[in-house]
Structure formats: C-alpha cells, structure tokens
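Participant: Would you mind keeping the following structure in view while I ask a few things?
Rule-based calculations on the coordinates, nothing more; no lab input. Keep in mind it's a predicted model, so treat the numbers as computed, not measured. FYI the Cβ positions are ideal-geometry reconstructions off the backbone, even for glycines, and counts take in every protein chain you see.
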C-alpha cells in the first residue's frame, strides 16, 4: 500500500498539505519564521500517534463486544533541545468512561493496539520512551 501527501508552499514556512483530498495548514509560530496558521510538522505526529492507536483500540473493543463507552486520548511529548529535535519521551493517556467497563479488557485493547497494530507507535517507539496510562471513569488502572 502506498500513501501519498503533497505540500504546497504558501510563504515563510507555511505550507498547505493535501492528504488524500483533506487539506490542512502546516506552519510554525511567528518567532520561528511562520505565520501560526497551523500546527508544526512535529506537533502533527502526536494526533497521528493517538489516532493510530485509537483506531486499533476501537476495533479490538468492538470485537470484545464493548461498544457503549466514551474515549479520548491525551498526548504529551518531550522534545529534545539539540538538533535534529526529536521526541524522546511520550505519554499517552487513554480516558475511558461508561458503565461496567472491564479494566482488564481496556488494558488488553490498548496494549494490543499499540504493540501489534499501530505503525506510528512502532516507529516512534524506536526513538522515544512511550508510557501509556489508562483511566476508567477517572480512575487510573
């Protein structure tokens, strides 16, 4: 399978990205030569990681016949100061809410999704320590 993306320069360090017909701005803050019209390339890695792992979590929970819940994922990453700046530590916090959610099933879904199905996780784990936290109705499990 081949994925393609195209970016078009809009001035300074601003670009418009076309991702399979979905357009987003990629930019930087004004102090770094940008216009602050969109997220930076590094920042875009964080929702890519959360989204990739969450696709797997949702699919696994569906196979477990768990469909009544809400979920959000918070990502916090530490970027090194030396160039090239990379993320060396990433924390993923999966927040689940709903009635009668089984902690063991939530933990299994997250672990399997991250370790077996999420390519973004696999790539970033080669350079960053990734710590995953799971909460069930506000309580860490």
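Participant: Using a simple spin-label model with points 7 Å from Cα along the Cα→Cβ vector, what separation in nm is obtained for residue 88 and residue 115?
Facilitator: Computed distance between label sites residue 88 and residue 115 equals 2.6 nm.
Participant: Specify the angular offset, from 0 to 90 degrees and rounded to the nearest 10, of the alpha carbon long axis of helix 41-63 from the longest principal axis of the alpha carbons in the chain.
Facilitator: Roughly 20 degrees, rounded to the nearest 10.
Participant: For the chain, take the longest principal axis of its alpha carbons; what is the angle in degrees between that and the long axis of helix 103-112, to the nearest 10 within 0 to 90?
Facilitator: The two axes meet at around 40 degrees.
Participant: Sorted by average packing, counted as other Cβ atoms within 10 angstrom per residue and highest first, what order do 112-123, 49-60, 7-18 take?
Facilitator: Listed from highest to lowest mean packing, they are 49-60, 112-123, 7-18.
Participant: Using a 10 Å cut-off on Cβ atoms, rank the peptides 78-86, 36-44 from the highest mean neighbour count down.
Facilitator: Top to bottom by mean Cβ count within 10 Å: 36-44, 78-86.
Participant: Counting only helical runs of four or more DSSP H residues, what would the 222 nm mean residue ellipticity of the chain come to if each run contributes -39,500 (n - 2.57) and the total is spread over all its residues?
Facilitator: -9000 deg cm²/dmol
Participant: Considering only DSSP beta bridges where both residues belong to the chain, give the percentage that are antiparallel (nearest 5).
Facilitator: Around 75 percent of the beta bridges assigned by DSSP in the chain are antiparallel ones.
Participant: For residue 64 and residue 37, compute 0.36 nm times the residue count separating them, minus their Cα-Cα distance, and round to one decimal in nm.
Facilitator: Residue separation times 0.36 nm, minus the Cα-Cα distance, leaves 5.6 nm.
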